[in-house]
Amino acid sequence: MKVSMKRDSKKIICRCEEVTEEEIFEAIRDGARTVAGVKRRTRAGMGLCQGKTCGLLVRGILARTLAKKSSEIEPDTPRPPTRPLKISVFEKKRNSGSKLR
Amino acid sequence: MRSRTSPEAIVIGGGIIGAFISFYLAREGVKTLLLDRGDFAAETSASCEGGITIHNKTIGKDMDLAQESLRLYRGLSRELGGEIEYRRVGGMMIAETEEEADRLKERVKAQAHLGIRLKWLDQKEALEEEPCLAQDISGASFCEVEAQINPMAATFALVRNARERGLLTSPFSKVTGIECKNGKVVAVRIGSRRILTRLAMNAAGVWASDIARMVRIEVPIIPRRGMLVVSEPIPPLVRHFLTEASYLTLKLSPKEMERSRSERVRKGVGFVIEQTQAGTLVLGSSRQFAGYTNSVEGSVVRHIIRRGVRFIPSLRKISAIRLYSGLRPYTPDNLPFIGQTEVEGFLMAAGQEGSGITLAPITGKLVSEIVTGNNPTIPVGRFLLSRFTSSLLKKSFFSGCSKMPRCKAPEILRNEAYLGVRRNDEG
């Protein structure tokens, strides 16, 4: 997906937290060099989907802005759970291999 | 760095402590360079609760420090309140048993003269003040002046503000050495680069002892790991910054903690919760000496969550979206190291452990006062590194506490629900 490099882009990159491309450029100007750095400054990637939707886009914006390859941009550290889980799920002890509904 | 002249001061560590030091120094017109081995607000300040707590402090020890710090936050909030998300939510310590209630009531009495709007709430009053709480709690102490901020946002806002007043910054610049001559700091090295300066501030928190070793000083700071659970954003549920009464024991007496029969207590789990401006709940907490690994341990998370639903039953229906942990800088006497050391120009500003957010402003202020020669807001004698004589340092610092183990693969990551998550155990 092509992402425009217009500086005043109001295009929303992180849908969960409604972070625009312009805010991401601002974060890079503020010193962000990694996906986590953008996240900490803008909240992009902190929402419900935890960066599943915007992570690659942010990485791409960083790459193009910093004139690097996407693979040279450090992605954020994924943390459990892989999807939102009701807190009650964590109350019981589970043996490895058991399925979580 | 484009500047031709050397900085008067170099702050090592770009978390909230380093940010506050830089903020105050910039205000005083001191030419400062802020360094971090990584990005700013990347470590402890990005993995902690945002509470500014006063009534859990100890009179004669850190109470005055905390009160002054809160005053500074209030003053700042006029200028930067929105950016740091400063909110005066008030703080409650919740008693589960009659015994805890009695102890909290004593604390309220003992602190009555401090003017911190502290009062005891019985069960009925506590539930009126915080309706989400479980019906069977014994009561709570309520301190209206306590507040909350967003530590990450605050760090960035302070640095931005200081930059406007001339602060130089260089993230992703690991300090590899500090040069001294005749017992005085003369330069800081970043790889092959050498930056001349006469003042180096050690705000490296969890890694402060590594920095201090560069000037041949032993600083007894070791990492203490705490885990957090973040929820999906929800409508307003938690009105105040909440902690349970036994949190104090866990923070202050690790030896007592480690000898407990209760697994929850051994893992240092004590209920803490806040609702952020974004609407998410940040639930904690735990305290473990686990070296420098910041991985997530399943059993600890389980205890945190069980403790959470014990105090706020409706938590069960809310979803968790992220589990992570952060390292905090622990000192043997639960007091930070602020101020001069035997190396002239090398100042300490680290070791606030779980009170980093609360004590950040006063730390920054005191350091800037030392640098400019102004009268210190609070005499720093109590916080000097020299309070640990060399004999105390030689005595095994870790006696009574378990040795720092290599972290085992977190059991939580073996569960099927977490398949596909890339393991990142190596802190």
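Data for the structure
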| item | result |
| --- | --- |
| Most fluctuating residue given options B:S260, B:S355, B:S22, as computed from a GNM of chain B linking Cα atoms under 10 Å | B:S260 |
| Residue-by-residue Karplus 3J(HN,Hα) for the stretch B:271-283, coefficients 6.51, -1.76, 1.60, Hz, glycine and proline x | 5, 9, 8, 9, 10, 7, 4, 6, x, 7, 9, 10, 9 |
| GluC sites (Glu not before Pro) lying in DSSP loop within the stretch B:247-347, provided at most 14 other Cβ fall within 10 Å | B:E342 |
| Kyte-Doolittle mean at least 1.0, axial Cα span of 15 Å or more - DSSP H helices of chain B | B:16-27, B:356-372 |
| Chain A - Cys residues lacking any other Cys C-beta under 4.7 Å | A:C16, A:C49 |
| The stretch A:1-84, dipole about Cα centre (Lys/Arg Cβ +1, Asp/Glu Cβ -1), debye to the nearest 20 | 200 debye |
| Charge dipole of chain A about the Cα centre (unit charges at C-beta), most positive-ward option of A:A67, A:V19, A:L85 | A:L85 |
| The protein assembly as shown - share of DSSP beta bridges that are antiparallel (%, nearest 5) | 70 percent |
| Rg(Cα)/(2.2 N^0.38 Å) for the stretch B:167-323, N = residue count | 1.37 |
| Cα-based reach from A:K86 at 19 Å (exclusive), listing aspartates and glutamates while leaving out same-chain residues under 8 positions away | B:E232, B:E274, B:E297, B:E411, B:E416 |
| Residues losing 30 Å² or more accessible surface upon assembly, the stretch B:308-322, compared with the chain by itself, 1.4 Å | B:R316, B:S319, B:A320, B:I321, B:R322 |
| Extension gain from B:S192 to B:R71, taking 0.36 nm per residue of separation minus the Cα-Cα distance | 39.4 nm |
| Complex-versus-alone comparison for the stretch A:54-84, residues with a loss of 40 Å² or more in accessible area, probe 1.4 Å | A:T77, A:P78, A:R79, A:P80, A:P81, A:T82 |
| Percent carbon-and-sulfur accessible area, chain B, ignoring ligands, DNA and RNA, probe 1.4 Å | 48 percent |
| Extended-chain gain in nm, criterion 0.36 nm per residue less alpha-carbon gap, B:R239 and B:E98 | 48.4 nm |
| Pairwise centroid distance, computed over Cα atoms, of the stretch B:1-57 with the stretch A:11-86, Å | 24 Å |
| Protein-protein interface of the stretch B:272-287, residues with accessible area decrease of at least 20 Å², isolated chain reference, 1.4 Å probe | B:A278 |
| Farthest positive-ward along chain B dipole, Cα basis, beta-carbon charges - from B:V272, B:L384, B:L196 | B:L196 |
| Net dipole in debye of chain B [+1 Lys, Arg Cβ; -1 Asp, Glu Cβ; about Cα centre; nearest 20] | 1320 debye |
| Separation of the A:T53 and B:R88 label points, Cα + 7 Å toward Cβ, nm | 3.8 nm |
| log₁₀ of I(q)/I(0) at q = 0.06, 0.09, 0.11 Å⁻¹ - chain B, Debye sum with one point per alpha carbon | -0.24, -0.55, -0.83 |
| Whole-number accessible area per residue in Å² for the stretch B:283-372, which is evaluated in the context of all protein chains at 1.4 Å | 21 Å² |
| Chains B and A together, accessible area buried on both sides, 1.4 angstrom probe, square angstrom | 3700 Å² |
| Probe 1.4 Å, protein heavy atoms only - accessible area per residue of the stretch B:162-244 in square angstrom | 43 Å² |
| Given charges at beta-carbon only (K, R positive; D, E negative), |dipole| of the protein assembly as shown in Debye | 1800 debye |
| Residue pairs, from the table B:K255/B:K317; A:K93/B:K109; A:K10/B:K365; B:K105/B:K267, whose Cα atoms sit over 30 Å apart | B:K255/B:K317; A:K93/B:K109; A:K10/B:K365 |
| Extension gain (nm, one decimal) between B:Q135 and B:Q277, 0.36 nm per residue minus Cα-Cα | 48.5 nm |
| Stokes-Einstein translational diffusion, the protein assembly as shown - Kirkwood Rh over all Cα pairs, 1.002 mPa s, 20 °C, in µm²/s | 90 µm²/s |
| Fraction of antiparallel bridges per DSSP, chain B only, in percent to nearest 5 | 70 percent |
| From phi via Karplus (6.51, -1.76, 1.60), per-residue ³J(HN,Hα) for the stretch B:212-225 in Hz, x at Gly/Pro | 4, 5, 5, 10, 6, 10, 8, 10, x, 10, 10, x, 10, 8 |
| Positive-end residue, the stretch B:258-379 charge dipole about Cα centroid, Cβ charges, pick of B:L335, B:A349, B:I305 | B:I305 |
| GluC sites (Glu not before Pro) within the stretch B:153-254, DSSP loop, no more than 15 other Cβ atoms inside 10 Å | B:E218 |
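The values are calculated or read from the model by the stated rules, or taken from the named source; none is laboratory data. Only a predicted model underlies this, so the values are computations on that prediction, with no experimental measurement involved. Positions of Cβ are generated from backbone atoms using ideal geometry, with glycine treated the same way; all protein chains shown enter the neighbour counts. Heads up: the accessible areas ignore ligands, DNA and RNA and are worked out on the full protein's heavy atoms, side chains in. Shrake-Rupley method; radii C 1.70, N 1.55, O 1.52, S 1.80 Å.
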